[in-house]
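Written below as structure tokens is the structure these notes are about.
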Amino acid sequence: MRILQETVALSATDLANHLSCRHLTTMDLRLARGEIAEPSWDNPHLRVLQQRGLAHEKAYIEWLRSKGLVVVDLSNEPEATASAATCAAMKSGAQVIVQASLASIPWRGRADVLLRVEQPGTPSRAGNWSYEVVDCKLARETKAQTILQLCLYSELLAELQGLARVSYL
């Protein structure tokens, strides 16, 4: 949760946190407003999990590259220009977009990966293709928080590309 231009900006994590604990939402809002200081504890186990997660995402992206797919990586794109860079990558027809910025006030977030999907006869704003969200998780079972995140990112992406993308297994 952040305050951007006097507006509360929310992420998928904020949504999941609120469903788990409304008090946490209150504390996060107070932190975003500068009313309280950020907690100063460090969890070495959490750091290890984050490193493993980043390594897993990197391995997946390298696997996509090994299949000959062209990858546009927006990981280092500053937040101020990330949305425009995401739109440009989509319009260019990039096959894979890493750390795509998705936003519609008050929601925002960075999708791990957007994969290009051919859409003959059903164009999106980007062209005769659309994108779908892929999330890189190490978990063996899908958690409710992950589903919420994918749903939010899919909604933001549908608004951006002017086309909802639904896949059935």
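Please check the chain for the longest run free of trypsin sites (Lys or Arg not before Pro) that are loop-located per DSSP (anything but H, G, I, E, B) and have at most 16 other Cβ atoms within 10 Å.
In short, 68-124.
Before rounding to the nearest 500, sum -39500 (n - 2.57) across all DSSP H runs of length at least 4 in the chain and divide by the residue total; then give [θ] at 222 nm in deg cm²/dmol.
So the helix-based figure for the chain works out to -14500 deg cm²/dmol.
With springs only between Cα atoms under 10 Å apart, run a GNM on the chain and tell me which of GLU62, GLU77, GLU38 wobbles the most.
Of GLU62, GLU77, GLU38, the most mobile in the Gaussian network model is GLU38.
Over the chain, what is the relative contact order in percent, taking alpha-carbon pairs closer than 8 angstrom and at least six residues apart?
Values: 226 pairs, mean separation 32.7, N = 169.
Computed value for the chain: 19 percent relative contact order.
Give me the extension gain from HIS56 to LEU138: residue separation times 0.36 nm, minus the current Cα-Cα distance, reported in nm with one decimal. Please report the intermediate quantities before stating the final value.
Details: separation 82, 0.36 × 82 = 29.52 nm, distance 0.70 nm.
Computed gain between HIS56 and LEU138 is 28.8 nm.
For region 57-169, what is the accessible area per residue in Å² when the probe is 1.4 Å?
Per residue, region 57-169 has an accessible area of 58 Å².
For region 111-169, state which chymotrypsin sites (Phe, Trp or Tyr not before Pro) are in a DSSP loop and have at most 13 other beta carbons lying within 10 Å of their beta carbon.
Numbers: sites: TRP129, TYR131, TYR153, TYR168; in loops: TYR168.
When the chymotrypsin sites (Phe, Trp or Tyr not before Pro) of region 111-169 are filtered for loop state and at most 13 Cβ neighbours within 10 Å, TYR168 remain.
Report the chymotrypsin sites (Phe, Trp or Tyr not before Pro) located in region 26-111 that are in a DSSP loop and have at most 15 other Cβ atoms inside 10 Å of their Cβ, or state none.
Of the chymotrypsin sites (Phe, Trp or Tyr not before Pro), the ones in loops of region 26-111 whose Cβ has at most 15 other Cβ atoms within 10 Å are TRP41.
Roll a 1.4 angstrom probe over the protein heavy atoms and tell me the percent of accessible area of the chain that is carbon or sulfur.
Details: 6010 of 11000 Å².
So the carbon and sulfur contribution to the accessible surface is 55 percent.
Kirkwood hydrodynamic radius, computed over distinct alpha-carbon pairs, for region 59-169: how many Å, to one decimal?
The answer is 14.3 Å.
Report the one residue of SER66, PRO44, THR86 whose Cα lies farthest in the direction of the positive end of the charge dipole of region 27-105 (charges on C-beta: Lys and Arg +1, Asp and Glu -1; origin at the Cα centre).
SER66
Could you tally the net charge around GLY127, taking each other residue with its Cβ under 11 Å from the Cβ of GLY127, Lys/Arg +1 and Asp/Glu -1?
Details: positive: LYS91, ARG116, ARG125; negative: GLU118.
Residues close to GLY127 contribute a combined charge of +2.
Loop-only GluC sites (Glu not before Pro) in region 76-169, please: DSSP not H, G, I, E or B, and at most 14 other Cβ atoms within 10 Å.
On the way: sites: GLU79, GLU118, GLU132, GLU141, GLU155, GLU159; in loops: GLU141.
Answer by residue number: GLU141.
The values are calculated or read from the model by the stated rules, or taken from the named source; none is laboratory data. A quick note: this is a predicted structure, and the numbers were derived from the prediction, not measured. Cβ atoms come from the backbone with ideal geometry, glycine included; neighbour counts cover every protein chain shown. Surface areas here come from the heavy atoms of the whole protein model, side chains and all, with no ligands, DNA or RNA. Shrake-Rupley method; radii C 1.70, N 1.55, O 1.52, S 1.80 Å.
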